[in-house]
1. Residue 452 fails exactly one of the following numbered conditions: (1) in a helix (DSSP H, G or I); (2) not assigned by TED's automatic domain parsing to the domain that holds residue 327. What is the number of that condition?
2. Quick check on residue 159: is it closer than 30 Å to residue 328 by Cα and in contact (Cβ under 8 Å) with a residue 40 or more places away in the chain?
3. If a residue must be within 30 Å of residue 430 (Cα to Cα) and surrounded by fewer than 13 Cβ atoms within 10 Å (Cβ to Cβ), how many such residues does the stretch 449-494 contain?
4. Among (1) within 16 Å of the ligand (Cβ to nearest atom); (2) of a type in the set (Lys, Arg); (3) farther than 23 Å from residue 404 by Cβ, there is one condition residue 130 misses while meeting the rest; what is its number?
5. If you take the residues of the stretch 142-156 that are within 14 Å of the ligand (Cβ to nearest atom) and either among the polar types (S, T, N, Q) or free of Cβ contacts under 8 Å to residues at least 12 places away in the same chain (or both), which of them is nearest to residue 218 (Cα to Cα)?
6. Taking the stretch 235-246 as the region of interest, how many residues are within 16 Å of the ligand (Cβ to nearest atom) and outside any loop (DSSP other than H, G, I, E, B)?
7. Is one or more of the residues making up the stretch 309-317 free of Cβ contacts under 8 Å to residues at least 24 places away in the same chain and away from the ligand (no atom under 16 Å from the Cβ)?
Amino acid sequence: MQEKDSAPWWRSAVIYQIYIRSFADSDGDGVGDIDGIRSRLPYLRDLGIDAVWITPWYPSPMVDAGYDVADYTGIDPMFGTVAGAEAFIADAHGHGLRVILDIVPNHTSDRHAWFEAAMAAGPGSAERDRYVFRPGQGEDGALPPNDWRSTFGGSAWTRVPDGEWYLHLFADAQPDLNWNNVEVRHDFEKVLGFWFDRGVDGFRIDVAHGLIKQDSLPDAGETNDVLEPTKRDDHPHWDRDGVHEIYRDWRKVADRYDGDRAFVAEAWVSGPQRLARYVSPGELQTAFNFDYLRAAWDAASLRTVIDSSLEALAEVGAPATWVLSNHDVVRHVTRYGRTHTEGRGPRADTTEPLDLALGTRRARAAALLMLALPGGAYVYQGEELGLPEVEDIPEELLQDPVWERSGHSARGRDGCRVPLPWSGDAPPFGFGPDGVTTWLPQPESWGDLSAQAQAGDANSMLELYRAALRLRRDLPALGEGSLRWHESPEGVLLFSRTPGFVCALNLSGAPFTLPAHNDILLASGPLDGDVLPHDTAVWLAV
Ligand code: GLC
C-alpha cells in the first residue's frame, strides 16, 4: 500500500464510501453486490482513493437498507457470501485499497436472534436485558415510557403483546441495544475480531453518539433528529459521556492487530469540542466532520469551521476529516444549487428553484478546497460523477422508512441513493445487466453523467477528481499537516501548505488576481489569465 511517509494511513486517507446497494450489480437482481464492487476495483484504484468504506452488507430484512442487522458475522445473500467477502477484501488489498466496514452497534434488526430470544423470554429475563424494555405509563401501561421520538418519525417506543415497551431511536424494526449489559459489550468485541481476522482495516461506527441512554430515561422534551447535532450537552440519549468507555475498549481490540486498524465515528454532536472527545488519545482515531458538511457555501462560514475543527482536533492530536456528502444527506451538487446552502439540504419539501449548473460549479470548487485541507477526506460514490439528488422518484417507489414513518410528510433519503450510471445511454447505465430494473429508478437523463461518458473528458467532474487525487498523492504538501492563511479580500479563502503549495477559493463575487506562483496545478473552472473568477478554486505551485 502506498504511504507518503511513515504516518499511519488514516491520518491522510481519502476514503470512498460505497453504498453497496447502489454501486454495481453483478447478478441482475437490481441491487448492488460484493462481486459488483470487485468488478469495479480497477476504477477505484484509477480514481486514486486510498480506502473504501462499505455500507452494511450483513443479513438484514432491509427495513432500513441494511442498517437493521440480523447477524453481524454474516453476509446477506443479496450481496454475496462470507467467502466472497474474504475474496473481495484480499482483492481490494491487491489493488492497494484498504477496506472499512460499517458496524451498527446502537440497534439490531428485530429479526436478530438476540431480539427474538428477548421477545420469547418475557419481562424481567436476561434476554430482555440486552435491549431497552420498560413498562408503559398510565393506568394499564398503555402510554409509552417517555416522550422520546424516533429519528424517522413517531414515538421511539413500541409495545409488545405482553404489555412491555421497547425502545427504538429509529424504525420499530430496529430495537436499541442496552449497552450497560456486559454480554452486549462482549459480543460486539467478538464481532470486531471476526472481521479484523478477515483482514478489514477498520470500521465506521454507525450512530456512535447514541449507545448510552440516561439511566432514568427522562423525557427529552424535544423532537430529535440523529442527523442534527443536539444543541445540548446533557441530552438523555445523544452524546452521553458513557459512550467513550466503549470506544476506549474498542481501541484496545483494534490495537491487538497489526497494520493500523482504525475507526471513524458517525457522531452528530454539538460542535468540534464535543467531537474531539471521540478522537482523544486512547479512543477512536477519526470522526466525520459534519460541521463541514453543513457549512454554508460562503467564505466566512467555511473559514470558521475549518479553523475550529483544526484547533479542536489539534488539542487531542487527531487528524481532521472533511466530507461533503453521504447516503443520509442531499447530494451537494443539489445543495449548492440553491440559495440556502447550509445544513444537510432541504428535501423535496422545498420550493426553492434549483440551478444545477451553479451547484456543479460550486461542487467542483468544493472538491478542490476539501482535498487541499490538512487531514483525510470522504468521497461519497457518485460525487466524483457530479450526480445530483434525484428529487422526483415516484412516491410508490420510495423505500426509505422515513417516508412511511413521517406519515408521507418527508420523502427521506432515497434521492441520494440512486444506482450509479457506469456506461451507455439508457437505464440501467451499466449498473447491472441490460434489462434489469434497479431497486430505485435512475433518471433517463443520466447518460451524460456516466463514468464512461466522463472518462477522458478533461472538463468532466470525474477527471477533476482523478487529477486532484493524483496530485494529492504526488505533492508532499497535501494530506496530513497544517495550513497557513494569507491575507486576502473579503470572500476569498487563500492558504498555503508547505512545501510550495497554495489553494485559493473565490467566493467574493468579484474577480480575484492570483498571487505570484510558478505554476497552475489544477483549477475547478476556466481562469482568465491570472484572474480567478467567482465560485472557482485553484491549486498553485509556489
Ligand atoms: C445512520 C446511518 C443511516 C441509518 C441510521 C440508523 O445515521 O447513516 O443511514 O438510517 O444510522 O442505523
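1. In the conditions (1) in a helix (DSSP H, G or I); (2) not assigned by TED's automatic domain parsing to the domain that holds residue 327, residue 452 misses (2) alone.
2. No.
3. 4
4. Failed condition: (1).
5. Looking at the filtered set, the residue picked out is 150.
6. Final tally of qualifying residues: 1.
7. yes
This table checks each residue for (1) closer than 30 Å to residue 204 by Cβ; (2) surrounded by fewer than 21 Cβ atoms within 10 Å (Cβ to Cβ); (3) assigned by TED's automatic domain parsing to the domain that holds residue 202.
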{"site": "120", "(1), (2), (3)": "no, yes, no"}
{"site": "125", "(1), (2), (3)": "no, yes, no"}
{"site": "128", "(1), (2), (3)": "yes, no, no"}
{"site": "141", "(1), (2), (3)": "no, yes, no"}
{"site": "145", "(1), (2), (3)": "no, no, no"}
{"site": "149", "(1), (2), (3)": "yes, yes, no"}
{"site": "152", "(1), (2), (3)": "yes, no, no"}
{"site": "163", "(1), (2), (3)": "no, yes, no"}
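The values are calculated or read from the model by the stated rules, or taken from the named source; none is laboratory data. Computed from a prediction, not measured in an experiment: that's the story for all the values here. Because the Cβ atoms are built from the backbone with ideal geometry, glycine has one as well, and the counts that use them run over all protein chains shown.
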